[in-house]
Amino acid sequence: MPTPTPQKTDDRERVLSTLEALVEKQALKRIVFSKPQEKDDVRAVLMPVILKGKLHFQLARQKKDGKVHHRNISVGDIRAFGEGMLSAFRQWNLFTEAGEGQVMVSSKGQVKAVGNWQKLSEEAAPVEAQSHNRVKHRLIPEGEPVPFLVRLGIADQNGRIYDKKQDKFRQINRFLECLDDLSAYFPKDQPVRAVDFGCGKSYLTFAMHYYFTVHKGLETDIIGLDLKEDVISFCSRTVEELGLKGIHFLKGDISQFAPIKDADLTVSLHACDTATDAALAQAIASRSRLILSVPCCHHELARQIECPPLEGITRFGVLNHRLADIATDALRAAHLEAAGYQVQVFEFIEAEHTPKNLMMRAVLKNPAGNKEAYKKYCELRDFFRVSPAIERLARLPEGIQPVQ
């Protein structure tokens, strides 16, 4: 008799039952839906909301024309809603106070739950839902004067965001959402130690300081590093003029920077080409608990890929470069996993605002590293026949990477 083909496990029921359990416990913080099936969708966000004294969930579904459609879902309809969203979006990022889970839906409709879903359903604590008139509240709301936004030319003295800076304002708030999703990992009894590599004009560095000090009431020790002397001088003057504490800026090369031991957070947004690899290497060396990275241009592997099965792609210049983009970030994510991090890759901001819109979010789970993840990294590297900068620059924990 022929050997039966093993069936892939479909986690659809697990996802839906966990969703129902979190709703029943009032422990669902937020779900971000991305990779839409419909061409006119961009992304969607589900959040708890109180309507007429009862718990509901509000879905904000963004369309490509810039409009956002809102819909309220009752607790009793949450399962049917979940079934519909599994057909509408191919990726979910689900957040609770106990951690987060990811849902991936294949092109054939196969559902995979990524993360510790048992922990999510058993340990997630209740969260406070917002009243309906506060659903659109941002961590930095428009119309509220915030000194660093005024100083950086994003808002006027009354807190009104300039029209040409609306995209930047949305990017700042999206970044703060990503920080807020990781709030459980930040220390409460000592300053939050963070470094922003390639900080540039430091919109997000100042936003990070604002979030920790104003929203969380925490002390900080934040460093912004950049090669450009003029932007470092500007940022340093801004710190002095605003009277900020716990944030300072340095001129220097990422690869030459002395790692901060046991950093809480490493940020690298839009560092060009292998500068992102240098930043990730610094994060690994410092055993940074958290990493938020949005890579910029990818040039290195476009010149290296020699993969016979993919010659139908690599012989076309533009397709080769797009393949190199994906391969570069996939190898970076795999290397971080080998270093002991739990990694997620998702859309940071809508593609129409910036084509460089993928964020890698990494949480250190196993400081000793992961040998199995390193094997998978090597398999991917050898398939493309490349020598990535992340491997040359980043040293994995002892015993994971063989001595050359």
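Summed over the stretch 164-199, the residues that are buried (at least 22 other Cβ atoms within 10 Å of the Cβ) and of a type in the set (Gly, Ala, Ser) give a count of 1. Number of residues in the stretch 80-101 that are modelled with pLDDT of 90 or more and of a type outside the set (Ser, Thr, Tyr): the value is 12. Of the helices (runs of 4 or more DSSP H) that lie entirely inside the stretch 228-347, those containing 3 or more residues that are among the small types (Gly, Ala, Ser) and under 21 Å from the mean Cα position of the chain (by Cα) span 274-285, 317-338. Of all the criteria given as (1) more than 24 Å from the chain's Cα centre (by Cα); (2) open to solvent by 30 Å² or more (accessible area, probe 1.4 Å), the one not satisfied by ILE73 is (2). Taking the stretch 46-70 as the region of interest, how many residues are open to solvent by 50 Å² or more (accessible area, probe 1.4 Å) and over 26 Å from LEU358 (Cβ atoms)? Going through the stretch 46-70 one residue at a time, the tally reaches 5. Identify the residue in the stretch 32-45 that is within 22 Å of VAL75 (Cα to Cα) and touching a helix residue (DSSP H, G or I) at 6+ places or on another chain (Cβ under 8 Å) and, among all such residues, is surrounded by the most Cβ atoms within 10 Å (Cβ to Cβ). The extreme case among them is PHE33.
Residue count for the stretch 282-306 under the criterion of being closer than 15 Å to GLY317 by Cβ and open to solvent by less than 10 Å² (accessible area, probe 1.4 Å): the result is 1. The criterion of being in contact with a strand residue (DSSP E or B) (Cβ under 8 Å, 6 or more places away or on another chain), open to solvent by less than 80 Å² (accessible area, probe 1.4 Å) and at pLDDT 90 or above does not hold for PHE148. Among the candidates VAL114, VAL105, the residue that is modelled with pLDDT of 70 or more and open to solvent by 40 Å² or more (accessible area, probe 1.4 Å) is uniquely VAL114. Picking from residues in the stretch 242-275 that are out of contact with any Ser or Thr (no Cβ under 6 Å at 6 or more places or on another chain), under 27 Å from ASN366 (Cβ atoms) and of a type in the set (Val, Ile, Thr), the one that is most open to solvent (accessible area, probe 1.4 Å) is THR274.
Residue count for the stretch 76-96, restricted to those that are in contact (Cβ under 8 Å) with a residue 24 or more places away in the chain, within 18 Å of GLN26 (Cβ to Cβ) and more than 17 Å from the chain's Cα centre (by Cα): 4.
The values are calculated or read from the model by the stated rules, or taken from the named source; none is laboratory data. Keep in mind that this is a model prediction, so the values were computed, not measured. When we count neighbours, we look across all protein chains shown, and the Cβ atoms used for this are built from the backbone with ideal geometry, even at glycine. Just so you know, the surface numbers come from the protein's heavy atoms only, side chains and all, with ligands and any DNA or RNA stripped out. Shrake-Rupley method; radii C 1.70, N 1.55, O 1.52, S 1.80 Å.
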